[in-house]
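To start, the structure itself, in structure tokens.
Taken together, the values in this text are just the output of simple stated rules run on the coordinates, not laboratory data. None of these values were measured; they are calculated from a predicted model. Cβ atoms come from the backbone with ideal geometry, glycine included; neighbour counts cover every protein chain shown.
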Amino acid sequence: MYGIVNKAIEDLVTEQFGTAVWKQVLDKSGVDVDFFISNEPYDDAITYSLAGTVAEVLNTSVSNVLVLFGEYWILKTGKEKYGGLLEAGGKNLREFLINLPSFHKRIMIMYPKLTPPEFELSHVEENSVWVHYFSKREGLKDFVQGLLQGLGKLYKTEIEIELLQDRDKGADHEIFKVRW
Ligand code: HEM
């Protein structure tokens, strides 16, 4: 994944737990990188290793780290570094989610080597939608959970998220029902 993702993990850990904890994560993970260049692609293994080691060092689960990171990605990385892009995504949560399937197309202009997630929407109602998540990568559904929670906070909308279908249970993609 692009360095911006690893850099955001570094920023999250540094801001919320301190530079000493980040140093410990780097040492323990064996990731031998002095600093991440945002617009350079890195091996996915680096991102997975960082997330796993953060969980170990903080004595929590990888799921928790991914949820935390998803929220951080929207509320800090997205808002501070890509505010315009997020705003262009919609004037409220419902509109943002309806536009989500095309969101990473705009990102590919900045990051042409992106391997983006794919989203589809169904069951679009006034107060709920089903968000279908497809990915070539494994194990990131909790990241999506955190991203959706972050979007709820961004739009100051209280939401409930229900996982209707799960790749871990044999399905070919995840379905999140988002209700507000
Ligand atoms: C300013 C906002 C955003 C930016 C700049 C951004 C950019 C990126 C980048 C650079 C990656 C790494 C992929 C790669 O390098 O190949 C990524 C992955 C991902 N993004 Fe976004 N993104 C944004 C918002 C969102 C939103 C709103 C969602 C969904 C709610 C989302 C869902 C994901 C997921 C799930 C992945 C993991 C990749 C996968 O599942 O295969 N992103 N994004």
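Just list whichever of K76/K105; K156/K177; K28/K79; K105/K177 have alpha carbons separated by over 26 Å in the model shown. Table pairs above 26 Å Cα-Cα are K28/K79. Karplus-derived 3J(HN,Hα) values for segment 77-93, using 6.51 cos²θ - 1.76 cosθ + 1.60 with θ = phi - 60°, are 4, x, 5, 7, 9, 10, x, x, 5, 5, 4, 5, x, x, 8, 8, 4 Hz; glycine and proline are entered as x. Our coupling estimate for segment 140-156, obtained by passing each phi through the Karplus curve with A = 6.51, B = -1.76, C = 1.60 and θ = phi - 60°, is 10, 5, 6, 5, 4, 3, x, 4, 5, 4, x, 5, x, 5, 4, 8, 6 Hz, Gly and Pro reported as x.
Applying the Karplus relation 6.51 cos²θ - 1.76 cosθ + 1.60 with θ = phi - 60° to segment 9-14 yields 3J(HN,Hα) values of 5, 4, 4, 4, 5, 5 Hz, where x marks Gly and Pro. Shape verdict for segment 127-180, please, from the Cα gyration tensor: rounded (a/c under 1.5), prolate (a/b greater than b/c) or oblate. Prolate, because a/c is 1.5 or more and a/b exceeds b/c. So if I take the centroid of the Cα atoms in segment 116-164 and the same for segment 29-55, what is the distance between those two points in Å? Comparing the Cα centres of segment 116-164 and segment 29-55, I get a distance of 25 Å. Here segment 21-180 is treated with +1 on each Lys and Arg Cβ and -1 on each Asp and Glu Cβ, and its dipole about the Cα centre works out to around 420 debye.
Rounded, prolate or oblate: which one fits the chain, using the alpha carbon gyration tensor with axes a ≥ b ≥ c (rounded when a/c is under 1.5, else prolate when a/b beats b/c, else oblate)? Judged from the Cα gyration tensor, the chain comes out prolate (a/c at least 1.5, a/b above b/c).
Dipole magnitude for segment 94-180: about 420 debye, using +1 per Lys or Arg Cβ and -1 per Asp or Glu Cβ, origin at the Cα centre.
Using the Cβ of G89 as centre and a radius below 13 Å, the other residues enclosed give a net charge of +3, where K and R count +1 and D and E count -1. Note on N39 and M110: their simple-model spin labels are 1.0 nm apart, each label 7 Å out from Cα toward Cβ.
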